[in-house]
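The values are calculated or read from the model by the stated rules, or taken from the named source; none is laboratory data. What you are looking at is a predicted structure, and each value in this text was computed from that prediction instead of being measured. Glycine gets a Cβ as well: all are built from the backbone with ideal geometry, and neighbour counts include every protein chain shown. The accessibility values were calculated without ligands, DNA or RNA, using every heavy atom of the protein model including side chains. Shrake-Rupley method; radii C 1.70, N 1.55, O 1.52, S 1.80 Å.
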Amino acid sequence: MSEPLVGVILGSKSDLEVMQACTQQLEEFEVPYELLVASAHRNPDKVHDWAGSAEQRGLRVIIAAAGKAAHLAGVVAAYTTLPVIGVPMKTSDLGGMDSLLSMVQMPGGVPVACVAINGSKNAAILATQIIATSNSNYKETLVTYKKDMAK
Ligand code: RP5
């Protein structure tokens, strides 16, 4: 595959299973991606370095998955002007409402586009749609995908 266009960052290895629907969809659309496990509170320097250099590395969109006090997407958005899509993880304590509200309630000025709790497939589709605004190959892929879905 060519250079990654989407950066997928997970707050924990425990988010990997849910995020497989995201990576599978990206692979189906043939969107190259890179994946990093780094937590905003356990590895803040790693998150800073990765997010701060994302655009220079050629990434066009970032997908950030995290659970509980899910500040990862917001922290990533602080370090880049790339669009950031947050995926709130379902949690055992509050069912993912904790993750959802932590992500979706970003104060004005630092947006995070937030999909549904465990909505990792939609994050991949949305990321591809953003890339498709300037890449006609992916536009065709998405048109076909929509047609197939309606069958
Ligand atoms: C967050 O806390 C992660 O994104 C994960 O969803 C949640 C629990 O992490 P682990 O304790 O399973 O590593 O940082």
Here is a check on your reading of the model: is E17 open to solvent by 70 Å² or more (accessible area, probe 1.4 Å), modelled with pLDDT of 95 or more and within 12 Å of the ligand (Cβ to nearest atom)? yes
Looking across region 69-88 at residues that are more than 12 Å from the chain's Cα centre (by Cα) and outside any loop (DSSP other than H, G, I, E, B), the single one that is nearest to I9 (Cα to Cα) is V75
In region 96-122, which residues are aliphatic (A, V, I, L, M), buried (at least 20 other Cβ atoms within 10 Å of the Cβ) and closer than 18 Å to T81 by Cα? M103, V112
Condition check: buried (at least 19 other Cβ atoms within 10 Å of the Cβ) and away from the ligand (no atom under 15 Å from the Cβ). Does A73 satisfy that? no
In region 30-68, what residues are open to solvent by 30 Å² or more (accessible area, probe 1.4 Å), within 15 Å of the ligand (Cβ to nearest atom) and not in a strand (DSSP E or B)? H41, R42, N43, P44, K46, K68
Among (1) of a type in the set (S, T, N, Q); (2) within 14 Å of the ligand (Cβ to nearest atom); (3) surrounded by fewer than 13 Cβ atoms within 10 Å (Cβ to Cβ), where does S2 come up short? (2)
When region 78-95 is examined, which residues are found to be aliphatic (A, V, I, L, M) and surrounded by fewer than 24 Cβ atoms within 10 Å (Cβ to Cβ)? A78, L82, L94
